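Data block below; observations after.
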Amino acid sequence: MSKPLPYIIRNPNGRLYFRRRYPAKDRRANPNLPEAFQVSLGTSEIEEALPAWNEALATYKSICAQLRETVDPSSKKIDTATRRQKLIKLRVPKRSEIRLSVERWYTDYLAQYNFDNDLRDNREFGHIGGKIIGGLNESIWDDRLEKLNQTLPERSAEFAAEIWERNNWDTTDQDELIEYTVDLLTRAEKRAIKVIFERAASNDIEFESDRRRKETERKQRDFTIHDAIEDYKRRFPEKTDMLKKLEAAGSAWRSLMSYEELSKITRSDAIDFIDLMGQVPARYDLRFKGLPLNAAIDANNRRETPYPRLKAKTVKTNYIGPLSTAVTEAVTRKLVSTNPFYGIKVSGSTKQAPHRRSFYIDELRLIFSQPVFTGFRDKARRNRPGNTLIKDHFYWPAIIALYTGLRASEIGALTPSSLQFVDPVQRLKPYLEIKGTKTDSAYRWVPIHPDLERLGFIRYIDEQQAMGSERLFPGWTAPKGKKLSDARCIRNFNLKVASVVGGSPNPSFHCLRHTLSTELINTHFNPIHRRFVLGHAVAKKDISDIYYTSMMDRIYDEFVVSVRYEQLDLPSQLA
């Protein structure tokens, strides 16, 4: 085993620190000087600490040199005179005197518990202390201390120097007596630490680490689902959609389950909650207004024809998923020890929704031949053929979704400033900067296809910007208490426009997003770029270079080539 580095201590987390006392004469000359110089070595491994240790030692020596240079010359003279006076009185001590001084030092040490907090709080050291109390062999004790880098002989050498200086003992050619003093101090400190551990074992002393552990356990024991939700709300106030789901999920849990303490909740309780939520009638807040959930379930079961119940995917997305997210954050912050919702599967939640599929080319031609795109009677009758055509929030969203894959809520949230260009000077290669309304991954850059330009989309954006509109579609408003994706223009597309292609159930606006995704897959568009453009999660190692203009230039060129929609010429059809 290589010789351990001196002046090293380890904190409770295992981090190594360089710690060395300043010379006594420097501390006397500088009253504000701390007792010791201490700095982190930035690692927990001895083998990796050598460079930082050398740097710390050099810094320590530099500070000591500066301290001596900054001493007032007059005080230097006094100190020199005092030293000369002391030199006259220097003498060689007897061994009995050394033993007496060490005993005094031991008494003071024990009275003040004057050993490093890092040493006392270290749990491994506490384990060793218990072994010492049990009569562990002293050689093993030395070995353990060495592994902990709490080298007592190094500390004892500093204490010995102070004792000899304080007693005006002559150190000249007295290596044997000095070594004797160091040995006595090492054994005295071991005795003192052993006594302290014995007192700790009898509950005279409670270590700080024990107090922290007990406090953490108490907080975790009392931590509830409501606390997890409130903590999540404080940390992520911008995630409004998730916060609404958490409020509903927390209210549902309090209505259906008997307790909220996460320390009591088991996976079995979470599964019971899923089963109960599967019996809750859809839109229960409107159909059974004012009734708690369990009463709404009973009232619905008593109906001759019960209302449809919550779908498995709704239970997973709006209740179990948000609760798991909030509790996972609490586990990460050590507010609670386990997450009973983690990894629980909701049966039937992974089935592909039949109303979310890709459109065929013939279906797209039929959809975009409807009056809302070719001409309608008036604003109140947009689905009846006529000579009026207004390119507003009823006209553009479906076209934008087909060529960009944006979600309905993302289109509704667009602003004139969302338009950007790879070459802003010549306004070439336009793209949309999407802030995202669903997940963190939803922030992205989406190329604007040339067909969208031919249809006049960029001209429409410029017009809205000239008018000072804050949003690209100012007439697009969300119903009270609902999202932009529930707006009238989207419901009109789902019920009146997409329904012309038939099928049961009818396809929805979201199918346009699936259509673009299918087109990118069929044309072998880069899969990482496809996930980025569609706002799906992308690994950090894959996304690190995407947010550069040069990369957006490449994505734009690849996107334009890949999105062809063969046998569909929408600009010509809508001309």
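The values are calculated or read from the model by the stated rules, or taken from the named source; none is laboratory data. The structure presented is a predicted model; accordingly, all values stated were derived computationally and were not measured. Backbone-built Cβ (ideal geometry, glycine too); neighbour counts: all protein chains shown. When the accessible area is computed, the model is the full protein with side chains, heavy atoms only, and any ligands, DNA or RNA have been set aside. Shrake-Rupley method; radii C 1.70, N 1.55, O 1.52, S 1.80 Å.
With a 1.4 Å probe and all protein chains kept in place, how much accessible area does Y232 have, in Å² rounded to the nearest 10?
Answer for Y232: close to 10 Å² accessible.
If r is the Cβ-Cβ distance from H524 to T305 and R0 is 45 Å, what FRET efficiency results, to the nearest 0.05?
Numbers: r = 50 Å, r/R0 = 1.12.
Using R0 = 45 Å, I get an efficiency of 0.35.
Relative contact order for the range 461-516 using alpha-carbon pairs under 8 Å, separation at least 6, rounded to a whole percent?
Values: 28 pairs, mean separation 10.4, N = 56.
Contact order relative to length: 19 percent.
So which of K435/K480; K244/K264; K289/K391; K391/K429; K289/K345 end up more than 28 Å apart by C-alpha?
Values: K435/K480 23 Å; K244/K264 25 Å; K289/K391 40 Å; K391/K429 23 Å; K289/K345 30 Å.
Violating the 28 Å limit, Cα to Cα: K289/K391; K289/K345.
Kindly state, to the nearest 0.05, the FRET efficiency for A36 paired with E463, given R0 = 56 Å and r defined as their beta-carbon distance.
On the way: r = 71 Å, r/R0 = 1.27.
In this case the efficiency is close to 0.20.
So if I restrict to the alpha-carbon atoms in the range 8-69, what is the Rg, and what is Dmax, the biggest pairwise distance, in Å?
12.9, 38
Which one of I229, Q279, T325 is farthest out on the positive end of the charge dipole of the range 225-333, using unit charges on Cβ (Lys, Arg +1; Asp, Glu -1) and the Cα centre as origin?
Most positive-ward Cα: Q279.
Could you derive backbone 3J(HN,Hα) for the range 36-53 from the dihedral phi with the Karplus parameters 6.51, -1.76 and 1.60 (θ = phi - 60°), listing whole Hz in sequence and x where the residue is Gly or Pro?
Per residue, the Karplus-derived 3J(HN,Hα) values read 9, 8, 9, 8, 6, 8, x, 7, 10, 10, 4, 4, 8, 8, 4, x, 5, 5 Hz.
Need the full-extension length gain, T43 to R283, defined as separation in residues times 0.36 nm minus the C-alpha distance. One decimal, nm. Could you put the intermediate results ahead of the total?
Values: separation 240, 0.36 × 240 = 86.40 nm, distance 5.61 nm.
Taking T43 through R283 to full extension adds about 80.8 nm, to one decimal.
What translational diffusion coefficient, in µm²/s and rounded to a whole number, does the Stokes-Einstein relation yield for the range 360-448 at 25 °C and a viscosity of 0.890 mPa s, taking the hydrodynamic radius as the Kirkwood radius over Cα pairs?
Working: Rh = 14.8 Å.
Diffusion coefficient, whole number: 166 µm²/s.
Over all alpha-carbon pairs of the range 225-333, lay out the pair-distance distribution in 10 Å bins, whole %, shortest bin first.
For the range 225-333, the binned pair fractions read 14, 46, 31, 8, 1 percent.
In the range 361-562, what is the volume of the convex hull around the alpha carbon atoms, normalised per residue and reported in Å³?
Values: hull volume 27.7 nm³, N = 202.
Output value, Cα hull per residue: 137 Å³.
At a probe radius of 1.4 Å, what is the per-residue accessible area of K311, in Å² to the nearest 10?
Surface accessible to solvent at K311 totals approximately 150 Å².
Using r as the Cβ-Cβ distance of A478 and R377, and R0 as 30 Å, what FRET efficiency do you calculate, to the nearest 0.05?
Numbers: r = 27 Å, r/R0 = 0.89.
About 0.65, to the nearest 0.05.
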